[in-house]
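Worksheet for the structure shown next.
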Amino acid sequence: MTSSLTARCVFLGAPGAGKGTQAKRVAEKVALAHISTGDMLRAEVKSGSELGAQARTFMDQGKLVPDQVIIDMVKERIRKPDAQAAWILDGFPRTLPQAEALDANLSGDNALTHVISFAVPEDVLMGRLTGRRTCSKCGAIWHIENKPTKQEGICDACGCELTQRSDDRPEAIGKRLEEYRSLTAPLLAYYGDRGVLREIDANRSPDVVFEELLNLMQ
Ligand code: AP5
């Protein structure tokens, strides 16, 4: 880590827009907590918990997990010591009730500083998602064409096996995009009205997006 930022930031964008890729990179560079609701849910699924079993039925079909489950999970997470100064919420909120619950939970010194919308044309997203591979151990995100590993199927960062997410099948992706359009896209107007929304053209190289993101988050 090289510096710190006092950003309390939401990364908003369609599936495959590059939120996770960039959030991981920002968290490696500056001192802040990367809070990904998708990663938290996948950890629950992997642990075999009841919450994980419930969530999996929604995730595998490309549907959003019920609001209250997610809201309780995030409330608990942002109370933890590493999330007191600065954080990125990656994949939360995704519905109006989630955004309202977040507002109700944050105030004064703790208020949101930025909401960054990752803009990528829909026809690019399918290729990003079907080609994504994720390390089963360290969580590094790869892509068979855009960001290939040196050895196929093996993570360059830690040498472990890569897997394909169970919701990165075309049928589930279609449903995820539908959920994004109907339930998450309305948040653009919600945050636009509050004057905290910034848009980034995320259909450029990851390095270019990263540099612009760091500037936006100052
Ligand atoms: P989640 O894990 O949050 O998935 P998502 O929002 O669908 O987003 P993704 O992780 O698919 O995409 P991303 O934008 O992070 O892209 P990435 O950086 O990986 O959620 C999964 C599920 O959990 C949901 O469907 C839902 O069921 C549940 N859930 C989670 N949060 C919830 C909530 N708040 N409420 C209810 N349910 C919830 O990049 C994708 C690929 O593209 C990678 O291969 C990457 O290498 C490549 N790539 C990235 N950037 C670029 C670039 N600039 N150029 C070329 N390729 C790139």
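The values are calculated or read from the model by the stated rules, or taken from the named source; none is laboratory data. Predicted model only: the values in this text are computed from it and were never measured. Cβ atoms come from the backbone with ideal geometry, glycine included; neighbour counts cover every protein chain shown. Just so you know, the surface numbers come from the protein's heavy atoms only, side chains and all, with ligands and any DNA or RNA stripped out. Shrake-Rupley method; radii C 1.70, N 1.55, O 1.52, S 1.80 Å.
Quick notes on this structure:
- Taking helices (runs of 4 or more DSSP H) as the structural unit, those lying wholly within the range 46-123 and holding at least 1 residues that are of a type in the set (Gly, Ala, Ser) and within 9 Å of the ligand (Cβ to nearest atom) correspond to 50-60.
- Of the residues making up the range 95-126, those that are small (Gly, Ala, Ser) and modelled with pLDDT of 95 or more are Ala99, Ala101, Ser117, Ala119.
- The residue pairs whose first member lies in the range 30-43 and is more than 18 Å from Lys137 (Cβ to Cβ), whose second member is within 11 Å of the ligand (Cβ to nearest atom) and among the acidic types (Asp, Glu), and whose beta carbons are closer than 7 Å, counting only pairs six or more residues apart or on different chains, are Ile35/Asp90.
- Considering residues of the range 101-115 that are over 15 Å from Val196 (Cβ atoms) and surrounded by 10 or more Cβ atoms within 10 Å (Cβ to Cβ) only, the residue nearest to the chain's Cα centre (by Cα): Ala101
- Exactly one residue out of Glu199, Glu152 is more than 10 Å from the ligand (Cβ to nearest atom), over 25 Å from Thr57 (Cβ atoms) and touching a residue at least 24 places away in the same chain (Cβ under 8 Å): that is Glu199.
- Test: residue in the range 5-21 that is within 20 Å of Gln84 (Cα to Cα) and surrounded by fewer than 16 Cβ atoms within 10 Å (Cβ to Cβ): yes
- Residues of the range 23-40 classified as open to solvent by 10 Å² or more (accessible area, probe 1.4 Å) and either in contact with a Lys or Arg (Cβ under 7 Å, 6 or more places away or on another chain) or part of a helix (DSSP H, G or I) (or both), total: 9
- When Arg133, Arg176, Arg169 are checked against the criterion of being without any contact (Cβ under 8 Å) to a residue 40 or more places away in the chain and closer than 30 Å to Lys80 by Cβ, a single residue qualifies: Arg133.
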